[in-house]
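Novice: Just dropping this structure here.
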Amino acid sequence: SALGAEARYQLAYAYGLNGDFANAEKFAIESIENSGSYEYWITKSYLLLGDVAIAQKDFFNAKATFKSIIENCSIPELREEAIEKLKSAEQFEKGGKNG
C-alpha cells in the first residue's frame, strides 16, 4: 500500500537524519525493492541514497543517482529536486578537491 511505501521511506530517512548512513542506505534500498509501483516513494528513496553518497563523499555515485532520476522520473517536483541535488553534489565535489 501507499502507506507502507511511505513508512519504509520515512524509516530510511530517519536513519539518515541521525547520521546512521549504513541503515539509511539499507532501508532506502528495501523501500525501493518493496514499494511496487509507487514512483514517488521509490524516487524519494533514490534521492536519499544520493544524499547518503554525498555524506560519504562518494560524489560519483551521488551524481549518477541524481542524473538517473532527472532522466527517468515523471514527477516534475522530484526531477527538480534531483537537479538541485546534482548541483549541490558538484559543488561539494569541487570544494573537496580544492581544500
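Novice: Which residue out of A28, A55, A12 is under 26 Å from K94 (Cα atoms) and in contact with a helix residue (DSSP H, G or I) (Cβ under 9 Å, 6 or more places away or on another chain)?
Specialist: Values: A28 fails: under 26 Å from K94 (Cα atoms); A12 fails: under 26 Å from K94 (Cα atoms).
Of the residues listed, the single one that is under 26 Å from K94 (Cα atoms) and in contact with a helix residue (DSSP H, G or I) (Cβ under 9 Å, 6 or more places away or on another chain) is A55.
Novice: In the range 9-18, which residue that is part of a helix (DSSP H, G or I) and open to solvent by 60 Å² or more (accessible area, probe 1.4 Å) is nearest to A55 (Cα to Cα)? Break it down stepwise before answering.
Specialist: Start the filter on the range 9-18 by keeping residues that are part of a helix (DSSP H, G or I), which leaves 9-17.
From what's left, open to solvent by 60 Å² or more (accessible area, probe 1.4 Å): 10-11, 13, 15, 17.
Working: Q10: 18, L11: 18, Y13: 13, Y15: 13, L17: 11 Å.
Step by step, filter the range 9-18, then rank; the result is L17.
Novice: Look through the range 14-55, keep the residues that are of a type in the set (S, T, N, Q) and under 10 Å from the mean Cα position of the chain (by Cα), and return whichever of them is farthest from I75 (Cα to Cα). Working first, answer last.
Specialist: First, pick out the residues of the range 14-55 that are of a type in the set (S, T, N, Q): 18, 23, 31, 34-35, 37, 43, 45.
Next, from what is left, pick out any that are under 10 Å from the mean Cα position of the chain (by Cα): 43, 45.
Working: T43: 9, S45: 14 Å.
Out of the qualifying residues, it is S45.
Novice: Working only within the range 19-37, note down all residues that are at pLDDT below 95, outside any helix (DSSP H, G or I) and open to solvent by 40 Å² or more (accessible area, probe 1.4 Å).
Specialist: Scanning the range 19-37 gives G36, S37.
Novice: From the list K85, K44, K67, exactly one residue is touching a helix residue (DSSP H, G or I) at 6+ places or on another chain (Cβ under 7 Å), assigned to a helix (DSSP H, G or I), buried (at least 21 other Cβ atoms within 10 Å of the Cβ) and among the charged types (D, E, K, R). Which is it?
Specialist: Values: K85 fails: buried (at least 21 other Cβ atoms within 10 Å of the Cβ); K67 fails: buried (at least 21 other Cβ atoms within 10 Å of the Cβ).
Exactly one of K85, K44, K67 is touching a helix residue (DSSP H, G or I) at 6+ places or on another chain (Cβ under 7 Å), assigned to a helix (DSSP H, G or I), buried (at least 21 other Cβ atoms within 10 Å of the Cβ) and among the charged types (D, E, K, R), namely K44.
Novice: In this structure, is G50 modelled with pLDDT of 95 or more, open to solvent by less than 80 Å² (accessible area, probe 1.4 Å) and closer than 24 Å to L3 by Cα?
Specialist: On the way: modelled with pLDDT of 95 or more: yes; open to solvent by less than 80 Å² (accessible area, probe 1.4 Å): yes; closer than 24 Å to L3 by Cα: yes.
Yes; evaluated as a whole, the condition is true for this residue.
The values are calculated or read from the model by the stated rules, or taken from the named source; none is laboratory data. Every value quoted in this text rests on a predicted model; they were computed, and no experiment measured them. Note: ideal-geometry Cβ built from the backbone for every residue, glycine included; neighbour counts use all protein chains shown. The accessibility values were calculated without ligands, DNA or RNA, using every heavy atom of the protein model including side chains. Shrake-Rupley method; radii C 1.70, N 1.55, O 1.52, S 1.80 Å.
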